[in-house]
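*Asks:* Take this structure first; my questions come after.
Quick note: the coordinates plus some simple rules give every number you see, no bench work behind them. Bear in mind the structure is a predicted one, so any value in this text is a computation, not a measurement. All Cβ positions, glycine included, derive from the backbone under ideal geometry; neighbour counts span all protein chains shown.
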Amino acid sequence: MCKNDCKDEKMKALDLVLDAHDHDSGSLITILQKAQDIHGYLPAEIIYYVAAQTGTTPAKVMGVATFYTQFRLEPVGKYLIMLCKGTACHVNGSDRIEAAITNELEITNGQTTKDGLFTLKNVACLGCCSLSPVMMVNEETFGTLTPEKAISILNDFRNRKEEEA
Amino acid sequence: MRIVVGEGSCGIAAGAGKVYDALQTAMNPSDSFELGITGCIGMCFLEPIVDIYEGGDLLARLVHVEAKDGARIAEAVRGGDLSSIEDLKIQEEDAGFLNKQTRIALRNCGIIDPTDLNSYKARDGYKALEKVLKTMTPEEVIEEIKTSGLAGRGGAGFPTWFKWNAARGSAGEEKYLICNADEGDPGAFMDRAVIESDPHNLIEGMLIAAYAIGAKEAIVYVRAEYPLAIIRLEEAIRQATEAGLIGENILGTGFSCKFRYMAGAGAFVCGEETALIESLEGKRGMPRLKPPFPAAAGYKLKPSNINNVETFANVAWIINNGGEAFAAMGTEGSKGTKVFALTGKVKRGGLVEIPMGQTLRHVIFDIGGGIRNEKKIKAVQMGGPSGGCIPENLLDTVIDYKALSATGAIMGSGGMVVMDENTCMVGMARFFLDFTSKESCGKCVHCRIGTKRMLEILTRIVSGKGEEGDIELLEELCNAIKDGALCGLGQTAPNPVLTTIRYFRDEYEAHIKEKKCPAKECVELLSYKIDPDTCKGCTLCARKCPVQAISGEVKNPHAIDQDICIKCGQCYTLCKFGAISVE
């Protein structure tokens, strides 16, 4: 868990974002995106805080946060796997990739592994259709996946974590 | 000489970043050649791609380059003798992919450095803006666009000049120009490529449009799933502002226009223009009732004009070359060129820009090289979740808004997903309904509940529980949703179902009546069997079966227990003797 001073740092960063957008509810989506960058997700207290600061209601903010797929109300793992479920990926077997990941990590779409390392999220389309099937792990994109290749990539990330430790 | 690495999202995913690093490492301080980047060349099937230029001439295009090739490429360029990297050069038949295209919207993609304003300027960049601001009235600009016949490239194909004229004619000083870069259609990436590879072209087109309608602010609404596009756009806006091309008194002409972007947050419905406006205002992206149209009351209820990225990408070219040159290409009702994202089971996938009026067959076979693994083509899907599947026997349909609509599909934004004989069309319809039911914003009942009911019926059919009358029920639902839904998402959501029923009714019937999937894709309708005469008893399948459904003695034929089998298909893939069949 984060110490108090670190939490203050995060709130300070959020205040800077709010100032940059004139505390305007018209910029709510951008503000929530930055808040999520800062916190990793949108905890309940941030929803209330942003509502108070932009002069709108927590219900409105929650409405926006739950409408868009980018926003998360729960913390995510160290590595966020975004598995593309677009048309080209579907035609080229993304369902088999999902089955392999689900089988390997014992999580389904939206869940996080017990060790907090991986979160699996199915996304609509990453726009790399010519390399389908595709997945992104944090900011890195991997294409022309096979079930075996996907698992080996996840193992690389797992080892990366161990090396860092 | 100059070495240029293609760094679009596809290139980077294929390893272009590592290739660039390797080339940089291989260079000496004394080297006289330069190293640079470009955006998406559009030949995604050959990534990573490295081009070698002498001045403006392309000397060699190297494909499938790996980091380990970096040193010998640098060595060859240093010595001025490219024969040692002959093996990396593009094959002639692959080069045809690009040579058979006519590039207008993509004219700079894969050629210029998207991070460098001067690179864009060297190819007539911002000349059209200067011409417009210094020598043309807004009315003349709109007239030129009218002459060109340019229509909205986002899918609906509405005449661009008409929208501009309506926004120009609306009362009020405060007007907005908006670019729809929320390319949510799964299977499409034309807009991403333009922004990543030629962001100034988009900015220039938007500034010209802003001048034409009288807007003082231009905004790009871009998908958050395109991080590289956002970085490149942000940088381009900064450069253009610094160069006096954005802001107050642009090029000393007295015309002023602010320019910014907003990242979307992941909602397909925001591609609908009124939903996009709601989202720009920081709200849930739920469509508004029309009228009033955005031209009268859009963003902040002020007159607004919204066009797609590709539409704007054509504007500067039209101003520079004249509307007539643009209108000279295409068909009676569809002028100019169209960009397609060719993907799926096609051999050569990537970005294809061709004049309207060519056939689908030409795109898929002559440019795309036909179907992978020598399989038969079954259909091509156009227009994503709003479009439909066009069967093989209609592939001679020409690319034209009306001709494509007559098939039940639509031109759409440009997604073109090719399917072979192993693609189940009922499964395809279910895939799209799964998508639209999740993306339905929930505002109107027809879309929210209608898509859900359709998905339930399709799910039941692909899992072997289809009932007599399901096809008719689907058709009834489709028509009700088309009539009753509020926005384009709902009104077009039935298209994938209607077109697959129209052209592949036999596949629906096989699923429902015989409980069989002719494409052998619907897992729950399959059964795996071992042919005792071909089986050598190697035990591989039995050892690998995740549920121990296969039994048998070594060197004796094995058998699958159908009650235990989960139809994962592992044994089928593993068997080296082809002894396992699937039905």
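*Asks:* Can you sort B:MET136, B:MET356, A:MET11 from fewest to most other Cβ atoms within 10 Å of each residue's own Cβ?
*Replies:* Neighbour counts put them in this order, fewest first: A:MET11, B:MET136, B:MET356.
*Asks:* Evaluate the distance, in nm, between pseudo-label points positioned 7 Å from the Cα of B:ALA71 and of B:SER256 along their respective Cα→Cβ axes.
*Replies:* 5.9
*Asks:* When DSSP assigns beta bridges and you keep just the ones with both residues in the protein assembly as shown, what percent turn out antiparallel, to the nearest 5? Working shown, then result.
*Replies:* Numbers: 42 of 74 bridges.
Approximately 55 percent, going by the DSSP bridge assignments.
*Asks:* Taking each residue in B:417-429, count the Cβ atoms of any other chain within 10 Å of its Cβ, then average. What number comes out?
*Replies:* Values: counts 9, 2, 2, 1, 0, 1, 3, 0, 0, 0, 3, 3, 0.
Taking all residues of B:417-429 together, the mean is 2.
*Asks:* Here's another thing I want to ask about it. Treating only the Cβ of Lys, Arg, Asp and Glu as charged (+1, +1, -1, -1), what charge dipole size does the stretch B:337-420 show about its Cα centre? Round to the nearest 20 debye.
*Replies:* Numbers: 10 positive and 7 negative charges, 46 e Å.
Dipole size: approximately 220 debye.
*Asks:* Still on this structure, I have one more. Place a +1 charge on the Cβ of each Lys and Arg in chain B and a -1 charge on the Cβ of each Asp and Glu, then give the dipole magnitude about the Cα centre in debye, rounded to the nearest 20.
*Replies:* Working: 66 positive and 77 negative charges, 217 e Å.
I would put it at about 1040 debye.
*Asks:* On to the next question. Under a Cβ-only charge scheme (Lys and Arg +1, Asp and Glu -1), can you give me the dipole magnitude of the protein assembly as shown about the Cα centre, in debye to the nearest 20?
*Replies:* So the dipole magnitude of the protein assembly as shown works out to roughly 1160 debye.
*Asks:* Now for a separate question. Please list, or write none, the lysines whose alpha carbon is within less than 21 Å of the alpha carbon of B:LYS89, excluding same-chain residues fewer than 8 places away.
*Replies:* B:LYS18, B:LYS68, B:LYS100, B:LYS347
*Asks:* Each residue of the stretch B:470-475 in turn: what ³J(HN,Hα) in whole Hz from Karplus with 6.51, -1.76, 1.60 and θ = phi - 60°, glycine and Pro shown as x?
*Replies:* For the stretch B:470-475, the Karplus-derived couplings read 5, 5, 5, 5, 4, 4 Hz, x marking Gly and Pro.
*Asks:* Could you list the trypsin sites (Lys or Arg not before Pro) in the stretch B:63-151 that lie in coil according to DSSP, counting only those with at most 12 other Cβ atoms within 10 Å of their Cβ? Display every interim value, and only then the final one.
*Replies:* Numbers: sites: B:LYS68, B:ARG72, B:ARG78, B:LYS89, B:LYS100, B:ARG103, B:ARG107, B:LYS121, B:ARG123, B:LYS127, B:LYS131, B:LYS134, B:LYS146; in loops: B:LYS100, B:ARG103, B:ARG107, B:ARG123.
Taking the stretch B:63-151 and a limit of 12 other Cβ atoms within 10 Å, no loop trypsin sites (Lys or Arg not before Pro) are found.
*Asks:* Which one, A:LEU14, A:CYS129, A:ALA44, projects farthest toward the positive side of the charge dipole computed for chain A from Cβ point charges (K/R +1, D/E -1)?
*Replies:* Highest projection toward the positive end goes to A:CYS129.
*Asks:* Work out the FRET efficiency for B:GLU54 and B:LYS544 from their Cβ-Cβ distance, taking R0 = 60 Å, and round it to the nearest 0.05. Don't skip to the end; give the middle numbers.
*Replies:* Values: r = 55 Å, r/R0 = 0.91.
Efficiency, from the Cβ-Cβ distance: 0.65.
*Asks:* Translational diffusion coefficient, Stokes-Einstein: compute it for chain B using the Kirkwood radius over C-alpha pairs as Rh, at 37 °C and 0.692 mPa s, and state it as an integer in µm² s⁻¹.
*Replies:* Answer, rounded: 127 µm²/s.
*Asks:* How well do other chains shield peptide B:434-440, expressed as the mean number of their Cβ atoms within 10 Å of each residue Cβ?
*Replies:* The shielding value for this peptide is 2.
*Asks:* Separate question: Report the one residue of B:VAL398, B:MET356, B:VAL346 whose Cα lies farthest in the direction of the positive end of the charge dipole of the stretch B:337-420 (charges on C-beta: Lys and Arg +1, Asp and Glu -1; origin at the Cα centre).
*Replies:* Value computed over the given set: B:VAL346.
*Asks:* A further question on this structure: Need one number: % antiparallel among DSSP beta bridges in the stretch A:79-164, to the nearest 5.
*Replies:* 55
*Asks:* Could I ask something else about it? Please identify every one of the trypsin sites (Lys or Arg not before Pro) in the stretch B:551-583 that sits in a loop by DSSP and has no more than 10 other beta carbons within 10 Å of its own beta carbon.
*Replies:* Within the stretch B:551-583, the qualifying trypsin sites (Lys or Arg not before Pro) (loop, at most 10 other Cβ atoms within 10 Å) are B:LYS555, B:LYS576.
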